[in-house]
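What follows is a short report on a single structure.
The values are calculated or read from the model by the stated rules, or taken from the named source; none is laboratory data. Since the structure is predicted, the reported quantities are computational estimates derived from the model, not experimental observations. Reconstructed Cβ throughout: ideal geometry from the backbone, glycine too, with neighbour counts over all protein chains shown.
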Amino acid sequence: MKTPYLSAAILLVFSSLVSAEPAISVEPAAEISYPTEAGKFYQLQVKGEQGWSDVGLAVAGTGARISEFHPAGEYRVTSPTGKWVKVWADEFDGKDLDYSKWAKEENNYGGGNNERQAYRMDGKYCTVSEGILNLNVFRDAHTTVDGKNQPYSSARIRTRKRAEWQYGRFEIRAKMPAGQGIWPAVWMLPTDSKYGTWAACGEIDIIESRGSAVHETTGALHFGGPWPRNKYVAHSYKFPEKNAAEDFHIYAVEWSADEIKWFVDGELCQTRTKEEWFTEAAKDDPSAPFNQAFHLIINVAVDGRFFEGTDQRSDLLPADSFPQTLQVDYVRVFQWAK
């Protein structure tokens, strides 16, 4: 961490209002203003009884000045280097999904994998309570206007057009459902598919879990050519103690131009290098297709090709085992401050 870059121009603004009851009390505010340089990150900090602590997220410099208001106090701005800095997060502390960060999807067509769920907008399939995001699967049949029927209903949310990143560390603390045939996933797709259709454009799977196979988690990369010329590499990680449905675990991916690493509870479980992937659309670029901006997706699917070769099927679940729920404590995104 560099020596504090700037204490900034701090202007205390005192305001008061005189009006009919009820009275309004306005606290003093501080305007923090500082210049930035492109390629650097900046972290605002406030001094408290325990020393300096971060205020909000790190900000990437653009060359423009940043000005913002905060409660009156002693502040400094640092320019961190040689570390991961948090640039985006959802702690799910509200009472509903934060629509400035996520959008719900409506889709009834099985994701190209013969899945048997309808992704629906209804509130019961995606809830936020006590700091936890819940994606719920119900045995609710749904039929579209063109006659496509699915026997289950669930939720899928994404950050597309709200937040995208090229490279970074993506960290998720989550607890998986344990029902057979239930397929929760946290994954990433490019926002603008410059290399063509799936899978030439690339896909990063951070977490995939198979219902009653919750003793392990899997991760994968998809790349190559458009379907059916798509390729993939995948791995699995077995939990040494409590499985994916017995407890929350921390899943992470660290993604750079040269390699992608998967971690579970801080343990490195797989590394893939650029020599292991490619796209037909840019074979002379060794980082492609994983060199563009990707967004996050969280969903719970039901059945489908992910269960080929297994005896898992959701129809074998008793009626009282629903909803099947993926619980997410937080999603945090970090980028490397050089």
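Applying the criterion of being buried (at least 20 other Cβ atoms within 10 Å of the Cβ) and without any contact (Cβ under 8 Å) to a residue 60 or more places away in the chain to the residues of region 245-262, the residue that is farthest from Arg229 (Cα to Cα) is Trp262.
Only a single item in (1) out of contact with any helix residue (DSSP H, G or I) (no Cβ under 7 Å at 6 or more places or on another chain); (2) closer than 22 Å to Arg139 by Cα; (3) in contact (Cβ under 8 Å) with a residue 24 or more places away in the chain is not met by Cys269, and it is number (2).
Scan region 265-290 residue by residue and report those that are within 15 Å of Gly202 (Cβ to Cβ), acidic (Asp, Glu) and part of a loop (DSSP other than H, G, I, E, B). Passing the criteria: only Asp285.
Annotation: of all residues in region 209-264 being among the basic types (Lys, Arg) and assigned to a strand (DSSP E or B), the one that is nearest to the chain's Cα centre (by Cα) is Lys261.
Does Ala178 count as modelled with pLDDT of 95 or more, closer than 20 Å to Ala244 by Cα and not in a strand (DSSP E or B)?
Values: modelled with pLDDT of 95 or more: yes; closer than 20 Å to Ala244 by Cα: yes; not in a strand (DSSP E or B): yes.
Yes; evaluated as a whole, the condition is true for this residue.
Of all residues in region 43-79, how many are closer than 19 Å to Gln166 by Cβ and in contact (Cβ under 8 Å) with a residue 40 or more places away in the chain? Number satisfying all stated conditions: 2.
When the residues of region 181-206 are narrowed to those that are part of a loop (DSSP other than H, G, I, E, B) and under 19 Å from Trp262 (Cβ atoms), which ends up nearest to the chain's Cα centre (by Cα)?
Result: Gly202.
Considered as a group, the residues in region 33-71 that are of a type in the set (Asp, Glu) and closer than 22 Å to Lys338 by Cβ include one that is surrounded by the most Cβ atoms within 10 Å (Cβ to Cβ), and that residue is Asp54.
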